[in-house]
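Report on the following structure.
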Amino acid sequence: GILRKPGAGLAGRRVVVSAGGTREAIDPVRFIGNRSSGLQGYALARAAVARGAEVTLVAANVGLADPAGARVVRVESAIQLREAVLAAAEDADVVVMAAAVADFRPVRQATTKIKKTSDDPEPIYLVKNPDILAELGEVRRERRQGGKPYPDVLVGFAAETDDVLANGQAKLARKGCDLLVVNQVGENLAFGTPDNAATVLIADGDPVEIPRGPKEDLAGIVWDLVATRLV
Ligand code: CTP
Ligand code: CA
C-alpha cells in the first residue's frame, strides 16, 4: 500500500465519534446504564481534531470536558444517540461507534418516581434498542447501490470476553462495518482506565494487534487505519 506519515490523513474530513454509555430511563430518577467512561471516544475525537478533521462528538453521559475544536452533541438514551449519529452521518466521511449502547430499554418509563411499598416491586420489562452501527452499515449498502454518498469508513468497537476473534469476525460481518476494534476486558483494562489493549479486525485484511498502552495510542492507530481507507 501507500506509505503515510504518522498523524496524516484526516485534513478536512468530516468524522463522527460516539462516546460514553447510554442510560435507559426507568423513571424520572433511575436508569439502566453501563460502565463506559467515554475516555476512548474522547481520545479518538481529540486525535481527529489534531489531524485536521471536522469532528462531531456524540457524547452519552460522559463526565469529561468538551474536547477543544469538536462539535459536541450530548445525549442520554440509545434512541437519542441514534438520532444524533444518523443526522451527523449524512455528510460524514467516517463514523466511529465507540459508545456503549444499551441493548435493551424498559418497555415503559414511569412518569413519576416509583415508590417503595410493603410489596415486592413490579418487574421491569425490556425491549430491544435499535442497532445503530448495523443500521449505518445497512443504509450505506443501500446508498452505494443507488450511487449516493455515505460514510466511506465505518468503525465499531466491541468488548468480548471469550472466543474473541470468532465473535469479533462474526460481529464485523453482521454490522457491515470496515473495522472492528475488539477490546480485551478485565485485568484493569477498558472501562474507566487510561490504558487499553485491542485487536483491530479488518473486513478485507489481516487483524492488527494493538498492545496494552494509552487510549491515545490506540486512537492514533485507529485513525491511521481509517486514513488508508479514505478515497
Ligand atoms: N452498537 C450500536 N447499537 C446498539 C448496540 C451496539 O450501534 N444497539 C454498536 C456499538 O457502539 C459498537 C458495536 O455496535 O460499536 C458493537 O457493540 P456490541 O455491544 O459489542 O455488539 P452487540 O451487537 O450489541 O452484541 P453483544 O452485546 O451481544 O455482544
Ligand atoms: Ca451490546
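The values are calculated or read from the model by the stated rules, or taken from the named source; none is laboratory data. Since we're looking at a predicted model, the values are computed, not measured. Cβ sites come from the backbone with ideal geometry, for glycine too, and all protein chains shown count toward neighbours. Protein only, heavy atoms only, side chains kept; ligands, DNA and RNA dropped before computing areas. Shrake-Rupley method; radii C 1.70, N 1.55, O 1.52, S 1.80 Å.
Here Ala60 meets each of (1) within 12 Å of ligand 1 (Cβ to nearest atom); (2) open to solvent by 40 Å² or more (accessible area, probe 1.4 Å) with one exception, condition (2). When we screen Gly156, Gly168, Gly137, Gly147 for residues that are open to solvent by less than 100 Å² (accessible area, probe 1.4 Å) and over 26 Å from Ala219 (Cα atoms), the only hit is Gly147.
Restricting attention to the range 106-130, the residues being open to solvent by less than 100 Å² (accessible area, probe 1.4 Å) and within 16 Å of ligand 2 (Cβ to nearest atom) number 4. Determine which member of the set Leu154, Leu165, Leu133 is more than 16 Å from ligand 2 (Cβ to nearest atom), assigned to a helix (DSSP H, G or I), out of contact with any Phe, Trp or Tyr (no Cβ under 6 Å at 6 or more places or on another chain) and at negative phi. Every option except Leu165 fails the conditions. Each residue in the range 129-171 was checked for being of a type in the set (A, V, I, L, M) and more than 25 Å from Ala53 (Cβ to Cβ), and 5 pass. Taken over the range 204-223, the residue count meeting the criterion of being open to solvent by less than 60 Å² (accessible area, probe 1.4 Å) and not in a strand (DSSP E or B) is 8. If you check Val29, Val55 for being surrounded by 23 or more Cβ atoms within 10 Å (Cβ to Cβ) and either within 17 Å of the chain's Cα centre (by Cα) or over 24 Å from Ala92 (Cα atoms) (or both), only one passes: Val55. Evaluated against (1) open to solvent by 90 Å² or more (accessible area, probe 1.4 Å); (2) polar (S, T, N, Q); (3) within 16 Å of the chain's Cα centre (by Cα), Thr161 falls short on exactly one condition, (3). Counted as qualifying within the range 1-113 are the strands (runs of 3 or more DSSP E) with 2 or more residues that are closer than 21 Å to Arg229 by Cβ, namely 14-20, 54-60, 94-97. Each residue in the range 196-225 was checked for being more than 17 Å from the chain's Cα centre (by Cα) and under 19 Å from Arg35 (Cα atoms), and 1 pass.
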